[in-house]
Structure formats: structure tokens, C-alpha cells
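The values are calculated or read from the model by the stated rules, or taken from the named source; none is laboratory data. As the structure is a prediction and not an experimental result, all values here were calculated from the model. Protein only, heavy atoms only, side chains kept; ligands, DNA and RNA dropped before computing areas. Shrake-Rupley method; radii C 1.70, N 1.55, O 1.52, S 1.80 Å.
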Amino acid sequence: MLIDQWTGVLERIQAACLRCKRSAQEVQLLAVSKTVPFARLAELARAGQVDFGENYIQEAVQKIEAASTQWASQPGAVLKTRPVWHCIGPVQSNKTRLVATHFDWLHTVDRLKIAQRLSEQRPAFLAPLKVLIQVNVDQGQTKSGIPPEEVLPLAQAVMGLKGLSLKGIMTMPDPEPDHARQVALHRVGKAVFDHVLQATGNPSWDTLSMGMTQDLEAAIEAGSTLVRVGTAIFGARSAVHEGAERPAPRA
Ligand SMILES: *Cc1c(COP(=O)(O)O)cnc(C)c1O
């Protein structure tokens, strides 16, 4: 069931790429495993899924530590490859150290202060933390992310920080049922992405994180290189967990 749903998402990505004549290699699937128990995440990792997205730092750290005992050189390891961990939730200043020491990616940089702390706290023995700037493409009042016109100056400042590799942007527009309007919103993200690439020439600027369960086809049509999918893979999350800083463990 889990594996069928995951395969179904990979097929949706392939079909969307085919429709807009893009190579399916250009679009990466991030499995959003927030609130999903470790055993289910591990089942998907064994089937070949590499990238996992988590929103709640404490919950994620527990899973990252559980995974680290189960791959590669460990006796009786069940995971053949090490999962790649993406933090896709908002990060407060007091959580930057956990992000810097445990994650491979952070999608939600929205101010220089957070990036500076991550830069100072990223251990030198780890590869640079890959970071994305979160952009608010639909002017949602309560939403995180910075307006498009503020992205270039922040990108230029973050590019100079050691321990970080600035890779692109992330967007999360409000739910919108109409496909054409979804595409229009994602084209705003694509335009910001292209503008910063042109202005900075940053050689590592290659990631446009856009699209979720409801709108991944529209995001791919607009140019997404990474879709973040939870519900279509793992099923609906219980509403109690949504928006909670630290959800209670599931029974
Ligand atoms: C939960 C979440 C997703 C996945 O959403 P689905 O609709 O379940 O696919 C993607 N991105 C972010 C930032 C999220 O918080």
C-alpha cells in the first residue's frame, strides 16, 4: 500500500514531465514524513526513497538518530543508503544548532540572522548545509517566506557564508484548486529563481522546491526541480499535528 502510493507519485511526476517535455531526471521527489512513524519511513527508504522532509525539529532528530543506527556499516543494517534529511519547517533561533548538526538541507531560510547562526554552527567535518530561501509568492498575510523583491539581497548575503551552500528557493502558495491559477503562482517562483540566477551567476543555484500533493503537476509545468509530497505517499495526517511545533507521538 505505502509502496504503491509512492510508486503512484513517481508516475505522476513522470507523466507531468512528459506532458511538458521535461526529463523526469530533472525533478526530485522529497517524501514529506512529518508525523509518520519511523518504521514506515524506513520501509520507504528500503524501497529506494532517499530524500525525506521533516517539519518538527525534535521529531526529526529522533528519526535521524534512529536511521543512523540502521544503515551501511552497522551490523544488521536494514537501510542500504543513508537517507538525506531536509528540514522544511520554520526554524526559530534556538533550534538552529539542531538543524546545523543533523540535517543536510534547510528549505526555509527567511532572514540573514538564521543563516549566520547556521553558518557558525555547522560542524566543519560535515558537508556544507544546503539551503533554500523561502519566498512568499502569493502575498499570504500569515505566511512565512519573504517577498520576491527581498530575495536577491538576502541571496547575495547568504552566498558569502561558510558552511552553507545556497541552492535556490522554496515556495508554498496557499491551496488553490484551479490548475491554471496554480501554474500562474508557480511561475512567480520560477521568475524569482531565474532572476537571482541571472543576477548572481551562483553555480550551485539549481534547486526550485515547489509543489506538493495537490499541485505537483502545476509546479513541474512551471519549472520545479523538487516536489515535496506527504499525503499522496503516506496518507492523510491527523489534523491535530498540523501547525504544532512538536506533535505528540502517534499511537
Ligand atoms: C506538509 C508539507 C508538505 C507536504 O504536503 P502534502 O500536501 O501532504 O503533500 C510540503 N511542504 C511543506 C513545507 C509542508 O509543511
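Can you tell me what percent of all Cα-Cα pairs in the chain are more than 24 Å apart? It works out to 46 percent of all Cα pairs. Note on the range 146-206 and the range 16-62: Cα centroid distance 21 Å, given to the nearest whole angstrom. Its Cα gyration tensor gives the range 15-116 an equivalent ellipsoid. The semi-axes, each the square root of 5 times an eigenvalue, are 24, 22, 11 Å from largest down.
Return the carbon/sulfur percentage of the accessible area of the range 184-235, one whole number, probe 1.4 Å, all protein chains in place. Within the range 184-235, the accessible surface is 55 percent carbon and sulfur. Computed with a 1.4 Å probe over protein heavy atoms only, the accessible surface of the range 1-152 comes to 48 Å² per residue. In a Debye calculation with equal point scatterers on the alpha-carbon sites of the range 84-129 and no solvent, what is log10 I(q)/I(0) at q = 0.21 Å⁻¹? For the requested q values the scattering log ratios are -0.60. For VAL137, the solvent-accessible surface with a 1.4 Å probe is about 10 Å², rounded to the nearest 10.
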